[in-house]
Structure formats: C-alpha cells, structure tokens
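Colleague: I'd like to ask you about the structure that follows.
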Amino acid sequence: MYTSKITGLGYYVPENVVTNDDLAKLMDTSDAWIQERTGIQERRHIKKGDGNSTSVMAVKASKIALERSNLEPDSIDMIVFATLSPDMYFPGGGVEVQEMMGMRTIPALDVRNQCSGFIYALSVADQFIKTGMYKNILVIGSENHSGGLDFSDRGRSVSVIFGDGAGAAVVSRNETGAGGILSTHLHSEGKHKNELALQGPSTRHWVPEIIAENPQENIPYYPVMNGQFVFKHAVVRFTEVIQEGLQANNLGLEDIDLLIPHQANLRIAQFIQQKLRLTDDQVFNNIQKYGNTTAASIPIALTEAWEAGKIKEGDLVVLAAFGSGFTWGSAIIRW
Ligand code: UT7
C-alpha cells in the first residue's frame, strides 16, 4: 500500500482588513469584548469589486501550493474542495477550480463538513492515494463568510468571529515511503446539528417559505450558533481526537512538534493546550489576524507555520478540528 504526503502548501486572504473597531461601528460590540472572548484582533473580508469569491480565493491559494510542489495543473489527478460557502448552491466549487486552473477533466469532489472540512478532505485524498488510484490530489479549504453574516446587533455573537480566506495543499504519493500522513480520524454527531447551522435557504426552508413565515427579526438565512454549547463540546472533542490519533500511532503528547488546531476561538485553543499540557512552542495559532475561516483555517495556519520555518522534515505535525454538525477529526503527519 502507498502512503501520502503534503508536497506543497499555499494560502490567500483578501487584502481588506476589518478590525474589531470597524465592526463596533456596525453593531453593539467592542474591541475589548472580542479580544477577551475570542482572541481575534482583525479578520479579512472580501470587498465588493475586488474580484474574489470562494473559488477565486481557492485558485489563488492552489496556484501557490502547486508551484511549491513543482507540479503543473495537468499533474493533478483530483480536486477535493471543502467549503460551507460555495459560490453557488450547486454545482460546488470543485468544478470551478477545475475550470479556472485549466485542469484535465479530473474528478472534483466537494466536501461539506464545515470547520472539519479540511481534515475530512485530507482524509479522502489520503485514501485515494493509499489505494494507488491517484498520485497527486489538490485539497482546498476556502470560505467567503462575510457575504452571508448578519452585521446588525442581532448577529453580533456570530459575525465578529468569522473571516474570509483560502488554503490549499497538494497531497502526493510518498515516493520515499518515509513519513507522510500517518493516519486520519473522523467523527460526527448529528443530534447537535442545530447548535451551529445555517438553516436556509434550503429545501427544508425554501425562499418563499422564509419570506412568508419569518418576521424581519428572525431570519433563518443567517448562521445561528449556541456559542457556549459549541465551546463546551469543542474542548472535549478536540482533546479526544488528538489523543485518539496519537494512540493509533503509539505516540504521546510529548512527541508533538506542532499542533495546529482549527482556529475556532483562541480561548478554545488555549484550553486544549492547557488540558494536554503542551508548551507554547507546540501549538500554532493565527486566529488573531484572520478570525475563524472555517475549512480554510487549518491550511492557512499550516502554510504560515511552514513559511515561518516552524515545521521541519521529520517533525510530528498534528491537525485537529471541530465544528458544525457536529463533526470533528484529526490528522497525524510525519513531515
Ligand atoms: O468554528 C467552530 C465552531 N465555533 C466555535 O467553536 C465557537 C464556540 N463558542 C465561542 O467561541 C463563544 O461561545 C463565543 C465567542 C461565540 C461567545 O462567547 P461567550 O463567552 O460564550 O459569550 P456568550 O454567548 O455567553 O455571551 C455573553 C454576553 C451576552 O450578554 P449578556 O446576556 O451577558 O448580557 C451576549 O449578548 O456577551 C454578549 N455578546 C456580545 N457582546 C459584545 C455576544 N456577542 C457579543 C459581541 N459583543 N460581539
């Protein structure tokens, strides 16, 4: 059986920086509240007319990842694209990337697992490479949140958290056989689906029904989140799935060179770090600059950590995520 490894990484975030003070001009919030509860100082938002969309950002990140893996678009055998904010309801973003990058008529798979999307997508890519079916797979996480958030007081507990951006990884057959993706671990618990959700427009809450049945103050086409409930489950599931991954490989917490948790909330990441007794050097966070970019947060952080020289050959890198669904997962990687 083959193994896979990440051979190229890239990310893109829109130029438009939105500070907490900028948000405080739109809604009843403050820099102090946002920083204290989330650690976020600023995030990026697509600006009308800047040409960006979920797929366009995905392509920008992918081009960098491909260049770093020394591959041409023609060498990619499959696209796996994780997003909760595709440009269109259907088709998904995968085919848009295939078109914009001028790729062959390769398969384009869309993954719908929100904050865990990148881990799910990475796992899918890993399986296709392990079986020998494909050699090079482009794995993407990209989100355009800003277009669909409620920036009035009503939406403040959700809207201050999320930001836009994209990250991409080229996952290739590991020709040397050493290291690579050691294992991935995926979970779900659908009974909590309504705790963090965007319920409509959808076939359950179709547009005419939404307009007819909902007064202005209760619009279900904005995301809703039971913040404290999500927070409590997140810290438990994050720690469980990190330990599950380590145990599966006979590794311990002390073996982790770098943990990159999905950038949900800095307080969640700090809680996990404390619970697992990891040092500051063992955990990478960048939510302060970008907010929570859902499926894009791990590949953006992974790329930044790699660019900063924080990931060296032979390092044990652990990725972990939790979010809407609920879904959660981890990936254990020997770099
Ligand atoms: O990406 C993966 C999934 N998402 C997460 O992991 C997010 C998990 N949850 C969280 O990060 C936190 O629960 C939040 C950051 C969303 C909220 O923080 P919290 O400490 O749980 O605050 P809270 O929801 O309990 O609200 C506390 C107070 C409330 O006021 P009262 O009722 O005490 O008067 C809120 O109305 O803070 C108020 N509040 C705000 N105040 C200023 C809520 N949002 C804001 C805001 N600015 N943006």
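The values are calculated or read from the model by the stated rules, or taken from the named source; none is laboratory data. Just so we're clear, the structure is a prediction, and the values are computed from it rather than from any experiment. With ideal geometry, Cβ positions are generated from the backbone for all residues, glycine too; neighbour counts draw on all protein chains shown. Accessible surface is based on the protein model in full, side chains and every heavy atom, while ligands, DNA and RNA are left aside. Shrake-Rupley method; radii C 1.70, N 1.55, O 1.52, S 1.80 Å.
Colleague: Would you mind getting the accessible area per residue of the chain, heavy atoms of the protein chains only, 1.4 Å probe, in Å²?
Modeller: Here the residues of the chain average 44 Å² of exposed surface.
Colleague: VAL207 versus GLU307, label points 7 Å from Cα toward the beta carbon: distance in nm?
Modeller: For VAL207 paired with GLU307, the spin-label model returns 3.8 nm.
Colleague: Can you tell me how much longer the chain between SER152 and ASP74 gets when fully stretched, taken as 0.36 nm per residue apart minus their C-alpha distance, in nm with one decimal?
Modeller: Fully extending the segment from SER152 to ASP74 adds 23.5 nm.
Colleague: Express as a percent, rounded to the nearest 5, the fraction of DSSP beta bridges in the chain (both residues included) that run antiparallel.
Modeller: That works out to approximately 70 percent antiparallel.
Colleague: Along the Cα→Cβ direction, 7 angstrom out, place labels at ASN16 and ASP281. What is the inter-label distance in nm?
Modeller: Spacing of the two 7 Å Cα→Cβ label points: 4.1 nm.
Colleague: May I ask you to compute the full-extension gain from PHE231 to ARG37, defined as 0.36 nm times their residue separation minus their alpha-carbon distance, rounded to one decimal in nm?
Modeller: 68.7 nm
Colleague: At a Förster radius of 22 Å, what calculated FRET efficiency corresponds to the Cβ-Cβ distance of LYS47 and THR105, to the nearest 0.05?
Modeller: So the FRET efficiency works out to roughly 0.05.
Colleague: Counting just the Cα atoms, what span does the chain cover along each of its three principal axes? Round to the nearest Å and put the largest first.
Modeller: 60, 47, 37
Colleague: Taking R0 as 41 Å, what FRET efficiency do you get between MET1 and ASP315 from their Cβ-Cβ distance, rounded to the nearest 0.05?
Modeller: According to the calculation, E is roughly 0.95.
Colleague: Using a Cα-Cα cut-off of under 24 Å, which lysines could be cross-linked to LYS60, ignoring same-chain neighbours fewer than 8 residues away?
Modeller: Cross-link targets: LYS5, LYS47, LYS48, LYS135, LYS289, LYS310.
Colleague: Taking all protein chains as present, what is the carbon and sulfur share of the accessible area of the chain, in % to the nearest whole number, probe 1.4 Å?
Modeller: Result for the chain: 50 percent of the exposed heavy-atom area is carbon or sulfur.
Colleague: Compute the signed sum of charges (Lys and Arg +1, Asp and Glu -1) over the other residues within less than 14 Å, Cβ to Cβ, of ARG334.
Modeller: Here the count lands on -3.
Colleague: Right, another one. Mind checking which lysines have their C-alpha under 16 Å from LYS193, skipping anything on the same chain fewer than 8 residues away?
Modeller: Output for LYS193: LYS232.
Colleague: Over region 171-291, what per residue volume does the convex hull of the Cα atoms give, in whole Å³?
Modeller: Once divided by residue count, the hull of region 171-291 is 174 Å³.
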